[in-house]
Structures are given as C-alpha cells and as structure tokens.
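Since every read-out is calculated from the coordinates, none of them should be taken as a lab result. Note that this is a predicted model, so its numbers are computed, not measured. All Cβ positions, glycine included, derive from the backbone under ideal geometry; neighbour counts span all protein chains shown.
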Amino acid sequence: VEISQEKLCKLLDKSEPTIRKCLSSLEKVGLIQRDKSGYQKCHKIYVGKTVSTVTLGEYFKKISCEIEVN
C-alpha cells in the first residue's frame, strides 16, 4: 500500500498524531513494515500476517480509544 499520512487522516477522519501513533504501534507488533520511498514521498506500507480479521478503520478506532484512555 502506498498512501500518505495526510490521506489516511482524511480517509479515517483521524488527526495526524493519531495516525502516526497507530502506524508505529502496527509496526512495533510486526503487522506492517514501512519503507520510505524518497524525499517528500509517502511510505510504502507492507502488510504482514494477521491473527484476526479487522478493518483498518476498526483498528484505528480501537487504538485511538486506548491512546485516549492511557
């Protein structure tokens, strides 16, 4: 997947800091890997194996709730 954080913000109706935290969380647990494409270009996001089926929107909602609670 090649998408900018700005587009993810608009698509999921979340703030940029929330998107950054969620992407970092996904990367830390090994669900995605990000590679920078170049200067001022968006990351390429490689999706790894998943344990359960959940939409990206559902995951970001869950993570944003956990972040707000913590």
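Miscellaneous remarks
- Between GLN33 and LEU11, the contour length at 0.36 nm per residue exceeds the alpha carbon distance by 5.9 nm.
- Protection proxy ranking, peptides 36-48, 4-16, average beta carbon neighbours within 10 Å, highest first: 4-16, 36-48
- Within the same chain, lysines fewer than 8 places from LYS28 are excluded, and of the rest, those with a Cα less than 17 Å from its Cα are LYS36, LYS44, LYS49, LYS62.
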